[in-house]
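Just so it is clear, none of the values below were taken in a lab; they were calculated from the coordinates. Computed from a predicted model, the values in this text were never measured in an experiment.
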Amino acid sequence: MNVPLWIAGRYLRTRRPTAFIALLSTLSIIGVTVGVAALITVLAVMNGFEREIRTRVAGTNAHVLILSFDDTGITRPDRALASIRQVKDVEGVAPFLYRKAMATHGNLAEGLVVKGVDLAAERSVTTVASNIKPPLDSIPLVTPGNVPGIVLGSELADRLRAAVGDHVILASFEGGVKTAAGLVPKLGTYEVVGIFHSGLYEYDANLAYVALPAAADFFGTRGAVTGIEVKVRDLFRAGEVRERVLKKLGGFPYRGTDWIEMNANLFSFMKVEKSVMALILGLIVLVAALNIVSTLLMVVLVKRRDIGALLTQGASPAQVRRIFLYEGLLIGIVGTLCGTGLGLVLCRVLHGFRIPADVYFLSALPVQMEWSDVTWVALAAVVLCIAAALYPAAYAARTLPAESIRET
């Protein structure tokens, strides 16, 4: 039998003369439990946010965008499309037209970004088509109402109070008419044929999709497109594929970007935020560890007579030291196990919790448990608890048997 471990376990149990010490030990365990649970829960939520935003951003946007250096756009998209398809690791390509405009419905008006797409080609590069309700094979150039069709983002449709079948009017100064009174914006009537919902507020509140020819006609681009979307086999190697595509196209006047570069600030911020939150919440565990120091020092002072008796009966200072190291270890293990269990329960409860989409990008709280995070949190908590027990253990080991028995 491991005698130091057995004695450490007895010191942690409640006994009438040392009930206050037992209370301090319980509070130390609770402190470790709360710290571990908070760390596990917050890291899981941060992982969930990063995963959801990364997945939805990479799904709504193409992995790579090929653009032009000037404002005229890509004037010969067919030739560029054919070249890009030959590049290794390219899985899909689609041309697009991107312009800002204003939409009105009744007495309501909202600024928006109009994206002209070929929906069939768009399916090969983004998840836009699968997020449109009702499902569409293509965005009609002419609806039964004899006007082009348009797909509105869900939040944008709510702001305009527009539903499928309603007509909205787009206004743009691009392609407008110059008169003596100034530039008159060009107006176009469109019928809402679908509602788009990506789950990302910024996209759902600002984007509208129309057929590429309808967009070209309205904005007067004369066959030019803003750029070409490219889907790659491995989205985390988008930068490498982008360079290969630009090399295939011959460089200038083409330029490229990828989804990681376009959202670099967002993902960098999320990584920094995760690290800072882990550091701040780790202070809870540190406070609990400091509480262990005071608890074990109280045990040493109260148990001086017992320690002296052990030493006179042949126990070595190393064995006395192990008693208090084991006590710190037991507090750490019990608190960590309870904290891990509580953290897992909280993650389960919080998964899918509704949150305001206009503040957090998402409409539901995402939670993603990563066992690597759980492991390092648990190990760090136990190590801190053992480290907190080092000084009380060393103090107890320096006890002189004769003095401790005489003082008591």
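Percent of C-alpha pairs per 10 Å bin in the stretch 1-154, short distances first: 8, 21, 21, 13, 8, 7, 10, 10, 3, 0. Taking amide H as placed 1.01 Å from N in the peptide plane, Gly92 has its amide H under 5 Å from the amide H of Lys231, each at least 5 places away in sequence or on another chain.
Rg and Dmax of the stretch 70-251, both derived from C-alpha coordinates alone, stand at 17.2, 55 Å.
Counting only Cα atoms, the size of the chain along its three principal axes is 107, 49, 39 Å, in decreasing order. With no solvent and one equal point scatterer placed on each C-alpha of the stretch 244-364, evaluate the Debye formula and give log10 I(q)/I(0) for q = 0.11, 0.20 Å⁻¹, two decimals. Calculated log10 I(q)/I(0) at the listed q: -0.71, -1.21. Looking at the stretch 70-251, the DSSP beta bridges with both ends there are about 75 percent antiparallel.
Of all beta bridges that DSSP places with both ends in the chain, some 80 percent have antiparallel geometry.
Round to the nearest 10 and give me the degree value, 0 to 90, for the angle of helix 371-397's Cα axis relative to the longest principal axis of the chain. Once rounded, the angle reads 20 degrees.
Computed from Cα positions, the angle between helix 238-249 and the longest principal axis of the chain comes to roughly 30 degrees.
For Ala364, the amide hydrogen comes within under 5 Å of the amide hydrogens of Ile355, counting only partners 5 or more places away or on other chains and with H modelled in the peptide plane.
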